[in-house]
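The values are calculated or read from the model by the stated rules, or taken from the named source; none is laboratory data. Remember, it's a predicted structure, so these values are computed and weren't measured experimentally. All Cβ positions, glycine included, derive from the backbone under ideal geometry; neighbour counts span all protein chains shown.
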Amino acid sequence: MIELTGVSKTYEKGSTVVRALDDVSLRIDRGSFVAIVGPSGSGKSTMMNIVGLLDRPDAGRYDLDGSDVGALSSDELAEARNERIGFVFQSFHLLANTTALENVELPLVYSNRPDISGLGLSALERVGLEDRAQHTPGELSGGQQQRVAIARALVNDPDLILADEPTGNLDGASGLEILGIFQELNRLGKTIVLITHDVEVAAMADRRVNIVDGRVVSDEITRGD
């Protein structure tokens, strides 16, 4: 599903050039649950931004389902992001003054679906929060807010879920609950790419890719051990 070939990305910080990704090649098959692991500054978030069509590499090629992403226009990238990729972030990124249901329905505003009725509530049901549909984020626990964020990621039924440190702001019990949701989504066929610095979180995935200084240093099958 995802194939990076010789991908590099650099940033300028003052007079310094930072090589966030350095000639990275990586293949992720459809239906996988992969953890991208590395310390702060390793390049893992840059990789997520490129895989998630939020940024373009300076060099190399990214194929998504066999199509060269580099050939897409900005509008085509935005359409692909909305329809094919769901994002879950550490800080939830929920709108404070809107209900859980309204937050979940936001991606549908940009959808080309002919009928979007009921999709938001259905997504909340998938994460067990249909009874909190009319609550605002301030009325929800951290774990519940992240479940709303997962429902928002699911509402357009994407093939790929990208999660960037999704348990970083949660207590241990809530974190395990969120990881359990990801495992269940994977069992139902979703491709999950999880970005984390925590090896215990990474152990919940079936495969662990370690990245240091912008390079993949190891790639191993774990099978959720």
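Here is how the numbers come out for the structure above:
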item: Any hit, the range 84-93, residues being surrounded by fewer than 16 Cβ atoms within 10 Å (Cβ to Cβ) and at pLDDT below 95; result: yes
item: Filter pass, Ser141 being hydroxyl-bearing (Ser, Thr, Tyr), surrounded by 17 or more Cβ atoms within 10 Å (Cβ to Cβ) and either more than 23 Å from Ile85 (Cβ to Cβ) or touching a Lys or Arg at 6+ places or on another chain (Cβ under 6 Å) (or both); result: no
item: Subset of the range 49-82 (residues that are in contact (Cβ under 8 Å) with a residue 60 or more places away in the chain, out of contact with any strand residue (DSSP E or B) (no Cβ under 7 Å at 6 or more places or on another chain) and in a helix (DSSP H, G or I)); result: Asn82
item: Leu176 vs. criteria modelled with pLDDT under 95, under 25 Å from Phe33 (Cβ atoms) and not small (Gly, Ala, Ser); result: yes
item: Of residues in the range 106-133 being part of a loop (DSSP other than H, G, I, E, B) and of a type in the set (A, V, I, L, M, F, W, C), the one farthest from Asp171 (Cα to Cα); result: Ile116
item: Residue list for the range 1-34, restricted to those being surrounded by 15 or more Cβ atoms within 10 Å (Cβ to Cβ) and not in a strand (DSSP E or B); result: Met1, Gly31, Ser32
item: Residue in the range 148-172 that is nearest to the chain's Cα centre (by Cα), counting only those that are without any contact (Cβ under 8 Å) to a residue 60 or more places away in the chain and surrounded by fewer than 22 Cβ atoms within 10 Å (Cβ to Cβ); result: Asp157
item: Any hit, the range 83-94, residues being in a helix (DSSP H, G or I) and either in contact with a Cys (Cβ under 8 Å, 6 or more places away or on another chain) or closer than 17 Å to Ile2 by Cα (or both); result: yes
item: Selection count where residues are closer than 16 Å to Gln90 by Cα and among the β-branched types (Val, Ile, Thr), scope the range 105-157; result: 2
item: Set Val17, Val7: member being free of Cβ contacts under 8 Å to residues at least 40 places away in the same chain, in contact with a strand residue (DSSP E or B) (Cβ under 9 Å, 6 or more places away or on another chain), farther than 30 Å from Glu184 by Cβ and among the β-branched types (Val, Ile, Thr); result: Val17
item: Inter-residue pairs, beta-carbon under 7 Å, first at negative phi and among the polar types (S, T, N, Q) and in the range 105-130, second surrounded by 12 or more Cβ atoms within 10 Å (Cβ to Cβ) and part of a loop (DSSP other than H, G, I, E, B), 6+ apart; result: Ser111/Asn156
item: Filtered residues of the range 177-201 (kept if touching a residue at least 60 places away in the same chain (Cβ under 8 Å), aliphatic (A, V, I, L, M) and buried (at least 22 other Cβ atoms within 10 Å of the Cβ)); result: Ile192, Val193, Leu194, Ile195, Val201
